[in-house]
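Working notes, beginning with the structure itself.
The values are calculated or read from the model by the stated rules, or taken from the named source; none is laboratory data. In this text, all values refer to a predicted model and were calculated from it rather than measured experimentally. Neighbour counts run over all protein chains shown; Cβ positions are idealised from the backbone, glycine included. We work out accessible area using only protein heavy atoms, side chains counted, and drop any ligands, DNA or RNA first. Shrake-Rupley method; radii C 1.70, N 1.55, O 1.52, S 1.80 Å.
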Amino acid sequence: MTTLLLPLLFSNQVAEQNCHFPKPPIRKNQQIDVRLLHNDLQQALYDELVQVYGRDNVGTENFIGCGRVDLTLQLGDKYRLYEIKTAFSAKSCIRQAIGQLLEYAYFYKAGFVEKLIVAGPVKCTSVEHSYLNELQSKFNLPIEYYQIKGPCFDFD
């Protein structure tokens, strides 16, 4: 199976039509096989962490408060929380994930959180690394970015 990435393209014609997108026709008894990039990324990261840390230390969709963390790694009495994003830049992945990670770690006073990890399919640039370093030093945030690699989503 392959992952289909369908970019949303805007043109003046679409804007003039009040952004009403035509729906594809669906026929009865038609099977549609769509693989979601997020699910593939989550599975790849899960498999990678299980290889290193063991199945008993890695979990997916664990509840914290009223949210579900994409992936959780337990190291003794501490946890690393992974939020997976599918954006095409590490900066966008960080922007999309940071609020969720902060809520999981601090709103519910989860003192057991060791690291907040934004995970995505793209490589982090030196500018994006500098941004993360600034967040770490100015706000004492234990935040990192991790590129998930795999045959269907290597976006280097």
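Some points to look at:
- Test: residue in segment 80-100 that is of a type in the set (Ser, Thr, Tyr) and under 22 Å from Gly59 (Cβ atoms): yes
- Number of residues in segment 45-85 that are open to solvent by less than 80 Å² (accessible area, probe 1.4 Å) and either of a type in the set (Asp, Glu) or modelled with pLDDT under 90 (or both): the value is 9.
- Any chance Ile94 is assigned to a strand (DSSP E or B) and either at pLDDT 95 or above or closer than 11 Å to Tyr145 by Cβ (or both): no
- Selected residue (only one of Lys123, Lys109, Lys138 is surrounded by fewer than 20 Cβ atoms within 10 Å (Cβ to Cβ), under 14 Å from the mean Cα position of the chain (by Cα) and either at pLDDT 95 or above or not aliphatic (A, V, I, L, M) (or both)): Lys123
- Inspection of segment 75-87 finds a residue satisfying the criterion of being of a type in the set (Lys, Arg), in a loop (DSSP other than H, G, I, E, B) and in contact with a Cys (Cβ under 6 Å, 6 or more places away or on another chain).
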